[in-house]
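Asks: Encoded as C-alpha cells, here's the structure I'll be asking about.
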Amino acid sequence: MKSKDNKQPTIEQWAELYKIAKNIRTLSPWDYLWESNFFTIMLPGHEEPIFCSIMGQAGECYAIGIYPGYKSILSFYRLNEYAEDFTAISAGFEQDCLMCFFGDREEVMPEDRKVYKALDIRFRGRNEWIYFRAMDPGYLPWHINTEQCDLLIQVMQNLQIALENYINNEITVDFNNNEMVLRSYSPENEVWINSAEKIPPIPEEVQKIIINNDLLPAQMKKRKCNGVRLELEAAYVPTPIQENKKDRPYLPTLILMADKGDSIIVGQRLLGNNDDLSISILDMLADYMKEYGKPISINVRDSRIGRHIEDLCQKTGIKLIEKEGIPTIDGMMMQMLGFMDAIF
C-alpha cells in the first residue's frame with residue numbers, strides 16, 4: 001500500500017472525500033455491522049478486490065478500513081488472529097491499508113486542522129472528528145497523498161451506496177455463512193451491481209528465500225550438532241525513528257534468537273530501515289553456529305519468518321518447526337513492552 005507519491009491532496013479532493021465520509025457517518029454503519037462483515041468493491045481497472053471493514057460495533061474505535069487487494073487484507077486477518085499479547089501489537093504494526101477514522105479531538109494532528117480550516121468544517125463531540133491515515137508495515141500511520149485520496153474517494157463513494165442498500169434491506173447477505181456484499185460494475189449493462197457473494201479464498205504468496213552462496217550452508221552443515229532447540233523471531237519495535245524532520249517515522253526491526261530448552265536469549269540484532277532482513281537473520285545464525293555449533297531445530301511462529309531460513313535448514317539438516325510456539329521470545333517481548341509502558 002505504501003506509495004511513493006509525496007503530493008498532498010488538492011482542496012477539491014479533500015472536499016469530495018470529507019463529503020462522502022460525512023455521509024457515511026450519518027448512516028452509523030457500525031450499528032449494523034462487525035469489522036469482519038466485508039463490503040467489497042471491484043473498481044474498473046483494478047485486478048484485485050478492495051475490501052472494506054466497518055469498525056465500531058464494540059464501541060472502541062470507529063473507523064473504516066480500506067484494504068486494496070489480497071496482500072492488504074491478509075494483514076487484517078493476521079491482526080485478528082491474535083487476540084492479545086505482544087503478537088497482536090506486532091501485527092498492528094504490519095497493517096497495510098487506508099483508514100478513515102471517526103475519532104476524538106485529541107487524536108487530530110495539526111495537518112488535519114489545516115484541512116478543516118481550508119474546507120471551513122468543524123467537528124464537535126466524541127467519535128465525530130474525521131481524519132484519514134495510510135497504514136504501512138513498519139511505519140507510523142501517516143497522512144494520505146493524492147493517489148491514496150483518489151482511491152479513497154472512488155471506494156467510499158461505492159461503499160456509501162452499498163451501505164445504504166444494505167441498511168434499507170435492498171440486499172440480503174448472510175455474513176455468518178462467510179458471505180460478503182460485493183459491488184461491481186457490469187460493462188455490458190453499464191450499471192453497478194450489488195450482490196451477496198462468498199468471501200473468496202485469499203491467496204497468500206510465501207516466497208521462499210534461496211541462498212545463492214552455497215559456501216555458507218556448506219560451512220554450517222559441517223558444524224557439530226549441539227542438540228539445542230532454537231527459537232527465532234523478527235518483530236517491529238514500538239520506538240519510532242525519524243531521521244529527518246519531514247521523513248515518515250519508521251519502526252526498527254528486532255531479531256531475537258533464544259535457547260528453547262534453557263529459556264534464555266542467545267542473540268539479538270536491531271535493524272535500521274535499510275537493513276536486509278534475510279541477510280541479517282542468516283548472518284546471526286552463522287555467528288551463532290560458528291561459536292556454539294549447529295542447533296537440532298529452529299522454532300518460528302509461522303512462515304513469515306520461516307521462509308527466510310527454510311532453504312538454509314534444508315541444506316544443513318536443521319529441522320524447521322512452525323506454529324508450535326516460541327515461549328521464551330514471547331516472554332521477553334512482553335517484558336520489553338511492559339518496560340516501555342513504564343517509561344512512556
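Asks: Starting from the range 192-256, pick out the GluC sites (Glu not before Pro) whose DSSP state is loop and whose Cβ has at most 16 other Cβ atoms within 10 Å. If you can, show how the numbers build up before the last one.
Replies: Values: sites: E197, E204, E205, E231, E233, E243; in loops: E204, E205, E243.
Counting only loop positions with at most 16 other Cβ atoms within 10 Å, the GluC sites (Glu not before Pro) in the range 192-256 are E204, E205, E243.
Asks: Based on alpha-carbon atoms only, what is the radius of gyration of the range 241-335 relative to the globular estimate 2.2 N^0.38 Å?
Replies: Working: Rg = 14.7 Å, N = 95, 2.2 N^0.38 = 12.4 Å.
Compared with the compact-globule rule of thumb, the range 241-335 sits at 1.19.
Asks: Where does each of H308, H46, H143 land when they are ordered by accessible area, with a 1.4 Å probe and the largest first?
Replies: My answer, sorted largest first, is H46, H143, H308.
Asks: Right, next: Translational diffusion coefficient of the range 123-173 at 25 °C, 0.890 mPa s, Stokes-Einstein with Kirkwood Rh over Cα pairs, in µm²/s as a whole number. Numbers along the way, then the final one.
Replies: Details: Rh = 13.5 Å.
Calculated translational D: 181 µm²/s.
Asks: Would you grab the residues whose amide H sits under 5 Å from the one on G267? Only those 5+ places off in sequence or on another chain, please, with H modelled 1.01 Å from N.
Replies: M257
Asks: Show me, for the range 222-228, the HN-Hα J-couplings you get by feeding each phi into the Karplus relation (A = 6.51, B = -1.76, C = 1.60, θ = phi - 60°), rounded to Hz, glycine and proline as x.
Replies: With the stated coefficients, the range 222-228 comes to 6, 5, 5, 6, 9, x, 7 Hz.
Asks: Can you tell me the 0 to 90 degree angle between the C-alpha axis of helix 277-292 and the longest principal axis of the chain, rounded to 10?
Replies: Tilt relative to the chain: about 20 degrees.
Asks: Quick one: dipole size for the range 46-199, taken about the Cα centre, charges +1 on Lys/Arg Cβ and -1 on Asp/Glu Cβ, in debye to the nearest 20. Don't jump to the answer; show the numbers that get you there.
Replies: On the way: 12 positive and 25 negative charges, 114 e Å.
So the magnitude is around 540 debye.
Asks: For the range 96-101, just list the computed ³J(HN,Hα) in residue order, Karplus coefficients 6.51, -1.76 and 1.60, θ = phi - 60°, integers in Hz, with x standing in for Gly and Pro.
Replies: For the range 96-101, the Karplus curve yields 10, 7, 10, 10, 10, 9 Hz.
Asks: How many percent of all Cα-Cα pairs in the range 150-282 sit more than 18 Å apart? Write out the running numbers ahead of the final one.
Replies: Details: 6697 of 8778 pairs.
Percentage above 18 Å: 76.
Asks: Separate question: Provide D311, D276 ordered by accessible surface of protein heavy atoms (probe 1.4 Å), highest first.
Replies: Numbers: D311 10, D276 75 Å².
Of D311, D276, the descending order of accessible area is D276, D311.
Asks: For the range 142-216, report the translational diffusion coefficient in µm²/s to the nearest whole number, using Stokes-Einstein at 4 °C, 1.567 mPa s, and a Kirkwood Rh over Cα pairs.
Replies: Values: Rh = 16.1 Å.
Estimated via Stokes-Einstein, D reaches 80 µm²/s.
Asks: What label, among (1) 1.02; (2) 1.07; (3) 1.15, belongs to Cα Rg over 2.2 N^0.38 Å computed from the structure on display?
Replies: Checking each listed value against the structure points to (3).
Asks: For the chain, what does the accessible surface come to per residue with a 1.4 Å probe? Please give it in Å².
Replies: Values: 18400 Å² over 344 residues.
Per-residue accessible area for the chain comes out at 54 Å².
Asks: Per the Cauchy relation, a quarter of the hull surface: what is the mean projected area of the convex hull of the alpha carbons in the range 175-223, in nm²? Working shown, then result.
Replies: Details: hull surface 30.9 nm².
Convex hull of Cα atoms, orientation-averaged projection: 7.7 nm².
Asks: Based on the Cβ-Cβ distance of N226 and E128, what FRET efficiency does E = 1/(1 + (r/R0)^6) give at R0 = 45 Å, to the nearest 0.05? Could the numbers behind the result be given before it?
Replies: On the way: r = 60 Å, r/R0 = 1.33.
With R0 = 45 Å, the Cβ-Cβ based efficiency is 0.15.
Asks: Can I ask one more? Out of the GluC sites (Glu not before Pro) in the range 5-57, which ones are loop residues according to DSSP with at most 15 other C-beta atoms within 10 Å?
Replies: Details: sites: E12, E16, E35, E47; in loops: E35, E47.
In loop regions of the range 5-57 (DSSP not H, G, I, E or B), the sparsely surrounded GluC sites (Glu not before Pro) are E47.
Asks: Would you mind checking which residues have amide H under 5 Å from Y62's amide H? H placed 1.01 Å from N; only 5 or more apart, or other chain.
Replies: Here F102 satisfy the definition.
Asks: On to the next question. So how far apart, in nm, are the two label points at N23 and Q242 if each is 7 Å from Cα heading toward Cβ?
Replies: Inter-label distance under the simple model: 3.5 nm.
Asks: Turning to a different aspect of this structure: Quick one: order C149, C225 from most to least accessible surface, probe 1.4 Å.
Replies: Numbers: C149 0, C225 70 Å².
Descending accessible area places them as C225, C149.
Asks: How large is ³J(HN,Hα), in whole Hz, for each residue of the range 74-79 in order, when computed from phi with the Karplus curve 6.51 cos²θ - 1.76 cosθ + 1.60 and θ = phi - 60°, using x for Gly and Pro?
Replies: My calculation for the range 74-79 gives 4, 5, 5, 5, 5, 4 Hz in order.
Asks: Which semi-axis lengths, in whole Å and largest first, follow from the square roots of five times the eigenvalues of the Cα gyration tensor of the range 1-159?
Replies: 23, 19, 17
Asks: Same structure, new question: Go through the range 241-287 and name the trypsin sites (Lys or Arg not before Pro) that are in a DSSP coil and have 16 or fewer other Cβ atoms within 10 Å of their Cβ. Don't skip to the answer; put the middle values down first.
Replies: Working: sites: K245, K246, K260, R269; in loops: K245, K246, K260.
Taking the range 241-287 and a limit of 16 other Cβ atoms within 10 Å, the loop trypsin sites (Lys or Arg not before Pro) found are K245, K246.
Asks: Another question, if that's okay. Send over the per residue convex hull volume for the range 1-73, Cα only, as a whole number of Å³. Write out the running numbers ahead of the final one.
Replies: Details: hull volume 9.6 nm³, N = 73.
Cα-based convex hull of the range 1-73, divided per residue, equals 131 Å³.
Asks: Okay, next question. Take N169 and D287, extend 7 Å from each Cα along the Cα→Cβ direction, and tell me the distance between the two endpoints in nm.
Replies: It is 6.6 nm.
The values are calculated or read from the model by the stated rules, or taken from the named source; none is laboratory data. Predicted model, so just to flag it, every value in this text is computed and none were measured. Cβ coordinates were reconstructed from backbone atoms using ideal geometry, including for glycine residues, and neighbour counts include every protein chain displayed. Remember, those area values only see protein heavy atoms, side chains included, never the ligands or the DNA or RNA. Shrake-Rupley method; radii C 1.70, N 1.55, O 1.52, S 1.80 Å.
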